[in-house]
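A short write-up of the structure that comes next.
The values are calculated or read from the model by the stated rules, or taken from the named source; none is laboratory data. Remember, it's a predicted structure, so these values are computed and weren't measured experimentally. Because the Cβ atoms are built from the backbone with ideal geometry, glycine has one as well, and the counts that use them run over all protein chains shown. Ligands, DNA and RNA are stripped out before the accessible areas are found, and what is left, the full protein with its side chains, is counted by its heavy atoms. Shrake-Rupley method; radii C 1.70, N 1.55, O 1.52, S 1.80 Å.
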Amino acid sequence: MSRGRFGVHGGQYMSETLMNELLNLEEQYNHFKEDPEFVEELNTLLKEYAGRPSLLYYAKRMTEDLGGAKIYLKREDLNHTGAHKINNVLGQCLLAKKMGKTRVIAETGAGQHGVATATAAALLGMECEVFMGEEDTKRQALNVFRMELLGAKVHTVTTGSKVLKDAVNDAFREWISRVDDTHYVIGSTMGPHPFPTIVRDFQAVISEEIKEQIMELEGKLPDMVIACVGGGSNAMGAFYNFLEDEEVKLVGVEAAGKGIDTEFHAATIAKGELGIFHGMKSYFCQGNYGQISPVYSISAGLDYPGIGPEHAYLHDIGRAEYVSATDDEAVEAFEYLSRMEGIIPAIESSHAIAHAMRIAGDMDKDDIVVINVSGRGDKDVAAIARYKGVELYE
Amino acid sequence: MSDKKDIKIADAFKDGKAFIGFLTAGDPTIEKTVEYVLAMEEAGCDLVEIGIPFSDPVAEGPVIQEANIRALSNNTNTDDVFEAIRQIREKSDVPLVFLTYINPVFYYGYDKFFKRCQELNVCGIISPDLPYDEKDEILEVTQKYGIDIISLIAPTSKERIQMIAREASGFIYVVSSLGVTGMRSEIRTDLESILKDIKEVTDVPAAVGFGINTPEQAENIAKVADGVIVGSAIVNIIAEHGENAKEPLVNYVKSMKDAIS
């Protein structure tokens with residue numbers, strides 16, 4: 001079996017043109033992650049620039065309202081740029097710079113990863129180009145302007161279904177065309193090895209902090225950690241340091257869109273099959289002789305037909321459980337947390353909150369649930385208004 | 001007629017430089033794919049690469065991406081592609097290889113897919129997302145059915161060139177340039193040194209593709225390589241002429257084959 005496997009999943013199913021670059025990236029990453037200077041530099045950026053550690057907040061009103069488990073929110077929404085994406089991006093851009101790259105490219109769905117990459121590129125003085133599906137540039141028009149403001153060039157992707165998957169296709173096409181001076185900052189725990197491992201390692205700070213914070217606050221580990229899953233980076237980050245603690249239940253929440261029994265969902269574990277795409281073996285929404293299916297979610301960030309290979313493996317071995325939440329449930333959770341706690345969560349994160357709302361009431365009062373609030377919802381306000389039929393004028 | 005013969009990729013290279021043409025099956029229709037493959041063979045094409053359409057052809061430029069979309073919008077599936085090959089094989093012994101992303105093959109089932117290849121005398125598979133490092137994915141099954149995995153070598157392969165070439169079978173596909181498929185006005189890669197590295201370790205023929213579209217380019221490439229591969233230029237003719245592309249295809253293939261003969 002080749003490099004970077006999680007059970008049968010993972011691997012390096014990539015164009016020969018990129019193989020030397022992937023091997024080089026792995027070697028450089030293995031070198032720099034042990035380099036005290038690199039580690040120090042990254043930790044300083046995370047602390048002084050991104051604002052880490054992020055808070056672990058006891059959601060008292062929500063806990064009382066649901067009447068069961070004690071609910072804590074991991075506030076990744078409070079990071080600079082408003083989401084967990086900055087953790088990975090600072091790591092990868094710093095690594096790319098150490099490798100001598102002068103230019104970074106990225107795909108983006110909701111725009112959070114694009115904004116984060118543009119931010120890190122501005123900070124580190126690198127050129128940045130972001131690929132974004134045309135549908136998403138409409139859903140998240142403000143983020144397009146935000147990236148441009150940060151000095152990035154945004155490419156509108158008009159191929160395929162014009163969403164995240166197609167943005168990844170075009171980012172790979174760009175990387176194949178210009179690999180010498182360019183690093184592709186993949187935004188999730190997906191793609192060919194070593195990306196799923198690199199992204200997971202850079203996001204693992206989330207669970208490292210949760211563990212420390214909850215031990216300090218409660219003196220024990222949580223009973224459950226819940227996170228939304230598209231490609232799976234915030235979930236992998238929230239799960240990773242708990243993998244060995246088998247008493248901690250790990251739950252990933254996929255986007256069920258209009259329902260997993262309709263054609264309009266992005267629930268890969270629930271409905272996908274084993275396949276090989278975007279450089280990895282994993283589960284994918286596919287059909288019709290192995291064509292990748294168009295997927296749908298109200299959340300541009302979860303609108304992806306695959307799932308990272310480590311999640312596929314955690315599902316196979318039963319270490320993590322994967323459930324789903326519909327658009328309606330996510331919107332309800334979005335409004336619920338806004339009113340209940342005065343925190344407007346990203347529509348992606350709202351999927352995780354929706355699941356907590358389903359189950360927390362039936363749990364013991366001694367139980368502790370941690371929800372990873374992977375991003376803030378300011379970017380979604382206009383889309384939610386549209387969803388509810390409210391007309392906004394800016 | 002084909003099942004009595006053993007068609008080999010080597011046949012394409014036995015009479016001088018090979019001209020290798022590519023088209024996407026089902027573009028514009030499966031019937032036309034059969035007609036166009038036979039026409040290209042008559043015009044001098046030594047080997048034909050048949051593309052199995054895929055929803056997300058990440059290694060392709062716009063011309064072949066659009067051919068994939070046209071083929072899929074006709075609902076072309078893998079069984080239709082095999083049916084086209086069956087019809088081609090009623091009339092022709094031209095060596096054929098598939099160009100396909102690995103997922104449609106995985107989904108079809110490796111054993112079923114390569115068994116069908118053997119039955120229809122499809123000699124090899126080129127998979128842009130199955131590099132040397134992942135070829136164990138299908139190696140056992142392809143060997144069982146005698147199908148060659150065509151290795152790709154890129155301008156960035158460097159010290160990987162000889163590692164890949166040593167284990168190559170059928171022919172070696174040398175990618176002329178960085179980037180995705182598509183016509184280019186010039187090719188700057190030092191192909192001579194790549195081909196020299198290859199020739200040091202293997203006798204398997206090496207053909208160059210990506211970006212080649214004019215007879216002049218083909219002639220120059222043929223000076224250093226055993227064959228010339230043309231995809232986007234052919235697909236572009238089909239895009240332009242749709243169901244009436246036979247004559248322009250024949251003229252084009254003739255001009256390219258003449259240039260390298």
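Screening A:GLU27 with (1) more than 22 Å from the chain's Cα centre (by Cα); (2) surrounded by 13 or more Cβ atoms within 10 Å (Cβ to Cβ); (3) within 14 Å of another protein chain (Cβ to nearest Cβ); (4) of a type in the set (Asp, Glu) gives one miss only, at (2).
Does A:VAL157 qualify as being in contact with a Lys or Arg (Cβ under 8 Å, 6 or more places away or on another chain) and open to solvent by less than 10 Å² (accessible area, probe 1.4 Å)?
Values: in contact with a Lys or Arg (Cβ under 8 Å, 6 or more places away or on another chain): no; open to solvent by less than 10 Å² (accessible area, probe 1.4 Å): yes.
The answer is no for A:VAL157.
State yes or no: is B:ILE147 aliphatic (A, V, I, L, M) and within 14 Å of chain A (Cβ to nearest Cβ)? Spelling it out, it is not the case that B:ILE147 is aliphatic (A, V, I, L, M) and within 14 Å of chain A (Cβ to nearest Cβ).
If you check A:GLU21, A:GLU48, A:GLU16, which single one turns out to be without any contact (Cβ under 8 Å) to a residue 40 or more places away in the chain, open to solvent by less than 30 Å² (accessible area, probe 1.4 Å) and either within 14 Å of chain B (Cβ to nearest Cβ) or acidic (Asp, Glu) (or both)?
Details: A:GLU21 fails: without any contact (Cβ under 8 Å) to a residue 40 or more places away in the chain; A:GLU48 fails: open to solvent by less than 30 Å² (accessible area, probe 1.4 Å).
Matching residue, one of A:GLU21, A:GLU48, A:GLU16: A:GLU16.
Regarding the range A:231-245, can at least one residue be identified that is open to solvent by less than 20 Å² (accessible area, probe 1.4 Å), more than 14 Å from chain B (Cβ to nearest Cβ) and among the polar types (S, T, N, Q)? Checked against the condition, which is being open to solvent by less than 20 Å² (accessible area, probe 1.4 Å), more than 14 Å from chain B (Cβ to nearest Cβ) and among the polar types (S, T, N, Q), the range A:231-245 yields at least one hit.
With the requirement that a residue be in contact with a strand residue (DSSP E or B) (Cβ under 6 Å, 6 or more places away or on another chain) and either away from chain A (no Cβ under 14 Å) or of a type in the set (S, T, N, Q) (or both), what does the range B:95-121 give you?
B:PRO95, B:LEU96, B:VAL97, B:ASN103
Would you check if A:GLN213 is open to solvent by 10 Å² or more (accessible area, probe 1.4 Å) and within 29 Å of A:LEU95 (Cβ to Cβ)?
Numbers: open to solvent by 10 Å² or more (accessible area, probe 1.4 Å): yes; within 29 Å of A:LEU95 (Cβ to Cβ): yes.
The answer is yes for A:GLN213.
Show the residue pairs that are 6+ apart or on different chains and have beta-carbon atoms under 9 Å apart, the first residue being within the range B:238-261 and farther than 15 Å from B:PRO215 by Cβ, the second being modelled with pLDDT of 95 or more and among the polar types (S, T, N, Q). The qualifying pairs are B:ILE238/B:THR24; B:GLU243/B:THR29. Residues that are open to solvent by less than 10 Å² (accessible area, probe 1.4 Å) and among the β-branched types (Val, Ile, Thr) number at least 2 in the following helices (runs of 4 or more DSSP H) confined to the range B:7-115: B:30-42, B:78-91, B:102-108.
For the range B:184-196, residues that are under 20 Å from B:PHE22 (Cα atoms) and touching a strand residue (DSSP E or B) at 6+ places or on another chain (Cβ under 9 Å) total 1.
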